[in-house]
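The values are calculated or read from the model by the stated rules, or taken from the named source; none is laboratory data. Not measured: the values here are computed from a predicted model. Here the Cβ positions follow ideal geometry from the backbone for every residue, glycine too, while neighbour counts run over all protein chains shown. Surface accessibility is based on the protein's heavy atoms, side chains included, excluding ligands, DNA and RNA. Shrake-Rupley method; radii C 1.70, N 1.55, O 1.52, S 1.80 Å.
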Amino acid sequence: MLKILDAFWRAFAYALTPRVWVLTLIPLVILVVLVMTGAYFFLDPAQAWVSEALETWPWLQAGFSWLARLGFMAWQSVLATLIIAFVATPVLVVLSLLSVSLLLSTPLLDGVARRRFPNLQRLRGGSLVGSVWFLIQSTLITVLVLLITLPLWWIPPFMFVLPPLVWGWLTYRVMVFDVLADFASVQERQTLMARHRM
């Protein structure tokens with residue numbers, strides 16, 4: 001536990017340096033530009049397409065008609081927007097992890113290695129292609145877990161617990177791989193990820 005606390009305060013201190021602020025903003029700016037561009041060009045057509053698809057479900061239309069009689073007129077467009085958001089969230093998470101992995105991880109690791117571990121040998125047990133492939137594999141597992149646990153997301157206790165657990169698991173997998181890919185061999189990386197998984 002002491003090692004975790006030590007790592008936490010050091011990471012917190014590194015996060016306050018100007019260099020890390022700049023490096024952190026670059027993926028964020030790229031992601032915001034991508035989201036704004038995507039929303040500008042694709043949000044309206046996507047909403048129209050999902051609304052048309054919802055109209056083919058008679059029981060949904062019956063529900064919308066009942067809600068309209070109660071005074072809730074815009075539920076079909078609200079549901080269409082929620083579906084788009086649900087589909088877009090995994091894409092945004094993967095894009096943010098990929099941008100952090102490509103643009104942020106290496107400079108941060110180099111900085112920590114120079115300050116704290118100047119003699120640490122780089123065994124390079126991973127590569128950029130391996131990192132992207134590992135991200136794809138982990139994302140597919142995450143999407144499968146999301147689909148399996150989807151009914152539980154509507155139950156109040158689970159809706160607050162499951163999303164952080166699922167996205168946290170994906171983030172931990174990708175970040176750990178990126179950290180160990182540079183400094184550990186393949187065997188060491190696999191052993192460390194298995195031994196310290198919990």
Exercise. Among all residue pairs at least 6 apart or on different chains, which show Cβ distances below 9 Å where the first residue, located in region 108-131, is in contact (Cβ under 8 Å) with a residue 40 or more places away in the chain and the second is loosely packed, with under 11 Cβ neighbours inside 10 Å and of a type in the set (A, V, I, L, M)?
Worked result: none
For this session: Search region 108-137 for residues being polar (S, T, N, Q) and not in a helix (DSSP H, G or I), and hand back the single one that is least open to solvent (accessible area, probe 1.4 Å).
Result: Ser127
For this session: Just one of (1) open to solvent by 90 Å² or more (accessible area, probe 1.4 Å); (2) over 29 Å from Ala13 (Cα atoms); (3) not charged (D, E, K, R) trips up Leu150, so point out which.
Result: (1)
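Residues are listed down the side, and each one gets a yes or a no for (1) among the aromatic types (Phe, Trp, Tyr); (2) in contact (Cβ under 8 Å) with a residue 40 or more places away in the chain; (3) part of a helix (DSSP H, G or I); (4) in contact with a Pro (Cβ under 9 Å, 6 or more places away or on another chain):
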site: Thr142; (1), (2), (3), (4): no, yes, yes, yes
site: Leu146; (1), (2), (3), (4): no, yes, yes, yes
site: Leu152; (1), (2), (3), (4): no, no, yes, no
site: Pro157; (1), (2), (3), (4): no, no, yes, no
site: Leu165; (1), (2), (3), (4): no, no, yes, no
site: Gly168; (1), (2), (3), (4): no, no, yes, no
site: Met175; (1), (2), (3), (4): no, yes, yes, no
site: Asp182; (1), (2), (3), (4): no, yes, yes, no
Problem set entry | region 177-191 - residue that is more than 15 Å from Val129 (Cα to Cα) and out of contact with any helix residue (DSSP H, G or I) (no Cβ under 6 Å at 6 or more places or on another chain) and, of those, surrounded by the most Cβ atoms within 10 Å (Cβ to Cβ) | Ala184
For this session: Report, by residue number, each residue of region 1-55 that is open to solvent by less than 70 Å² (accessible area, probe 1.4 Å), in contact with a Ser or Thr (Cβ under 8 Å, 6 or more places away or on another chain) and of a type in the set (Val, Ile, Thr).
Result: none
Exercise. Can you tell me how many residues in region 184-194 are touching a residue at least 24 places away in the same chain (Cβ under 8 Å) and either of a type in the set (D, E, K, R) or assigned to a helix (DSSP H, G or I) (or both)?
Worked result: 4
